[in-house]
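Visitor: Have a look at the structure that comes next, please.
The values are calculated or read from the model by the stated rules, or taken from the named source; none is laboratory data. The structure presented is a predicted model; accordingly, all values stated were derived computationally and were not measured. No Cβ is skipped: glycine too gets one built from the backbone with ideal geometry, and neighbour counts run over all protein chains shown. Ligands, DNA and RNA are excluded from the accessible area calculation, which covers all protein heavy atoms including side chains. Shrake-Rupley method; radii C 1.70, N 1.55, O 1.52, S 1.80 Å.
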Amino acid sequence: MKKILYLICSLLLISTLSSCNQKDPENNTTTLTLAHSLSQDHPVHIALEEFAKEVEEKTDGRYKVKIFPNGQLGSENESMEQILAGVLSMARIASPGLATYERGYDTFGLPYIFESTEDYYHIMDSDEIREFFMSSEDKGFLTLTYYDSGSRSFYTKNKAIRTPEDLKGLKIRVQDMKSQTEMVNLLGGTPVAMGYGDVYTSLQTGIIDGTENNETALTIGGHGEIAKVYSKDEHAMIPDALVISSEVWEKMDPTDQQIIMEAARNSTELHKKLWAESIKEAREIAEKDLGVEFVDDIDKEPFIEKTKPLVEQYRNEYKEVDELLKTIEKVRSK
């Protein structure tokens, strides 16, 4: 029975999306479906709305973008499967989730790849990274642009993490990513992989002692109600990617491709401003209303040294990661 219900739901979904992706000959309009898992008040969604508006205006209505937020069309993995199957046009995906299809994206999940927010933007906006984004067209997708998802740091119920030794004996929630699990192990903590939705209750009940994320998780996720010490070690800066189906892309004429690319990059510039405002607001609320202590004076060097073997492991295991790391180093030296 479950298999039958799943098949029916899948067919209904495919039917709905296929109708959205079809061209309307009468109005000469093609509707592109775009899925993401974030809420409608998230800075990414707001940036995507501006992207959709600019695409429709500058193509004179030849293309419209219909956005499906809140995971309406499934998980990020399911969205990628739908893109590769030609069912979905576009999606916002956390960049390491693309590594299954293009190993270079594993790079963005590694610790201390970027030195600061300024370094992050300098590298991510470079022609070299844009070239990498376009290099997966033969894999069934390409990345139009990226969105900042902040720097990730450790936060716990009551203990500051000033050195790797402070993580010893602590159960730390991580995303279900091999690189994050291995990172926490190297730093001396005990990684516990779980979904974001389970973090609040797990902090509350003591299943975990802490977790890692950007500052908005303290307020939007409510984690600051329980976790009272945020240690700004900034061990990772993991970009989100706005991906488009290669099949959809290749059907566009070069003029429309250029319009959509420029609209995507413009949405990133808007998102930078929105994101900076949201981080500032989250910190203010966490400090004043939730009583969270922020530990900013952390020496990152011991954390970097402890996690270097992980970066080297990925360099040796995946030539694509090694190549992208060399590209990042080259751009940084400019």
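Visitor: Scan the stretch 152-172 for residues that are assigned to a strand (DSSP E or B) and either open to solvent by less than 10 Å² (accessible area, probe 1.4 Å) or free of Cβ contacts under 8 Å to residues at least 12 places away in the same chain (or both) and jot them down.
Guide: Step one: list which residues in the stretch 152-172 are assigned to a strand (DSSP E or B), which gives 152-156, 171-172.
Result: SER153, PHE154, TYR155, THR156, ILE172.
Visitor: Restricted to the stretch 61-88, and to residues that are aliphatic (A, V, I, L, M) and within 17 Å of ALA241 (Cβ to Cβ), which residue is nearest to the chain's Cα centre (by Cα)?
Guide: Residues of the stretch 61-88 that are aliphatic (A, V, I, L, M), as a first pass: 65, 67, 73, 80, 83-85, 87-88.
With the extra rule that they be within 17 Å of ALA241 (Cβ to Cβ), the set shrinks to 65, 67, 73, 80, 83-84, 88.
Numbers: VAL65: 20, ILE67: 17, LEU73: 17, MET80: 14, ILE83: 17, LEU84: 19, LEU88: 19 Å.
So the residue we want is MET80.
Visitor: How many residues does the stretch 180-229 contain that are open to solvent by 10 Å² or more (accessible area, probe 1.4 Å), farther than 21 Å from GLU165 by Cα and among the hydrophobic types (A, V, I, L, M, F, W, C)?
Guide: Of the residues in the stretch 180-229, 3 are open to solvent by 10 Å² or more (accessible area, probe 1.4 Å), farther than 21 Å from GLU165 by Cα and among the hydrophobic types (A, V, I, L, M, F, W, C).
Visitor: For the stretch 32-44: of the residues being assigned to a loop (DSSP other than H, G, I, E, B) and among the hydroxyl-bearing types (Ser, Thr, Tyr), which is surrounded by the most Cβ atoms within 10 Å (Cβ to Cβ)? Don't jump to the end; show me each part of the working.
Guide: Step one: of the stretch 32-44, the residues assigned to a loop (DSSP other than H, G, I, E, B) are 36-42.
Checking the rest, the ones that are also among the hydroxyl-bearing types (Ser, Thr, Tyr) come to 37, 39.
Working: SER37: 21, SER39: 12.
Per the criteria, the residue is SER37.
Visitor: Also, quick follow-up: Can you name every residue in the stretch 78-106 that is within 23 Å of VAL321 (Cβ to Cβ), hydroxyl-bearing (Ser, Thr, Tyr) and either in contact with a Gly (Cβ under 8 Å, 6 or more places away or on another chain) or buried (at least 21 other Cβ atoms within 10 Å of the Cβ) (or both)?
Guide: If the condition is that a residue be within 23 Å of VAL321 (Cβ to Cβ), hydroxyl-bearing (Ser, Thr, Tyr) and either in contact with a Gly (Cβ under 8 Å, 6 or more places away or on another chain) or buried (at least 21 other Cβ atoms within 10 Å of the Cβ) (or both), then SER95, TYR101, TYR105 are the ones that fit.
Residue-wise test of (1) farther than 30 Å from ALA160 by Cβ; (2) among the aliphatic types (A, V, I, L, M); (3) modelled with pLDDT under 95.
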position: HIS271; (1), (2), (3): yes, no, no
position: GLU277; (1), (2), (3): no, no, no
position: ILE285; (1), (2), (3): no, yes, no
position: ASP289; (1), (2), (3): no, no, no
position: LYS300; (1), (2), (3): no, no, no
position: LEU310; (1), (2), (3): no, yes, no
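Visitor: Shifting gears a bit: So, in the stretch 163-179, how many residues would count as being in contact with a Pro (Cβ under 7 Å, 6 or more places away or on another chain) and either aromatic (Phe, Trp, Tyr) or closer than 14 Å to SER153 by Cα (or both)?
Guide: Here the count works out to 4.
Visitor: Restricting to the stretch 45-77, what's the tally of residues that are open to solvent by 20 Å² or more (accessible area, probe 1.4 Å), in contact with a Leu (Cβ under 8 Å, 6 or more places away or on another chain) and assigned to a helix (DSSP H, G or I)?
Guide: Count: 2.
Visitor: Which condition does ILE298 not pass, out of (1) more than 29 Å from SER79 (Cβ to Cβ); (2) open to solvent by 80 Å² or more (accessible area, probe 1.4 Å), if it passes all the others?
Guide: Result: ILE298 passes all but (2).
Visitor: Which one of ILE123, ILE129 is β-branched (Val, Ile, Thr) and crowded, with 21+ Cβ neighbours inside 10 Å? Before the answer, list the steps.
Guide: Values: ILE129 fails: crowded, with 21+ Cβ neighbours inside 10 Å.
Step by step, each of ILE123, ILE129 is checked, and only ILE123 is β-branched (Val, Ile, Thr) and crowded, with 21+ Cβ neighbours inside 10 Å.
Visitor: Can TYR112 be described as of a type in the set (Phe, Trp, Tyr) and at positive phi? Even if it seems obvious, please write down each step before you answer.
Guide: Working: of a type in the set (Phe, Trp, Tyr): yes; at positive phi: yes.
Yes, satisfied.
Visitor: OK, next. Consider the stretch 166-202. How many of its residues are among the polar types (S, T, N, Q) and closer than 18 Å to ILE304 by Cβ? Let's see the steps before the verdict.
Guide: Our first condition is that a residue be among the polar types (S, T, N, Q); within the stretch 166-202, this holds for 175, 179-181, 185, 190, 201-202.
Then drop every residue that is not closer than 18 Å to ILE304 by Cβ, which leaves 179-180, 185.
Matching residues across the stretch 166-202 total 3.
Visitor: I would also like to ask the following. Any residue that is in contact with a strand residue (DSSP E or B) (Cβ under 8 Å, 6 or more places away or on another chain) and surrounded by fewer than 17 Cβ atoms within 10 Å (Cβ to Cβ) - is there at least one of those in the stretch 311-326? Spell out how you get there, then give the answer.
Guide: So the first thing to find is which residues in the stretch 311-326 are in contact with a strand residue (DSSP E or B) (Cβ under 8 Å, 6 or more places away or on another chain), and the list is none.
Within the stretch 311-326, none of the residues are in contact with a strand residue (DSSP E or B) (Cβ under 8 Å, 6 or more places away or on another chain) and surrounded by fewer than 17 Cβ atoms within 10 Å (Cβ to Cβ).
Visitor: Might you check whether a residue that is more than 20 Å from the chain's Cα centre (by Cα), under 24 Å from PHE108 (Cβ atoms) and hydrophobic (A, V, I, L, M, F, W, C) occurs anywhere in the stretch 309-331? Full working, then the answer.
Guide: First pass over the stretch 309-331, keeping only residues more than 20 Å from the chain's Cα centre (by Cα): 309-310, 312-313, 315-319, 322-323, 326-327, 329-331.
Still in the running and under 24 Å from PHE108 (Cβ atoms): 309-310, 312-313, 315-319, 322-323, 326-327, 329-331.
Next, only the ones that are hydrophobic (A, V, I, L, M, F, W, C) stay: 310, 331.
Looking for residues that are more than 20 Å from the chain's Cα centre (by Cα), under 24 Å from PHE108 (Cβ atoms) and hydrophobic (A, V, I, L, M, F, W, C), one finds at least one in the stretch 309-331, hence yes.
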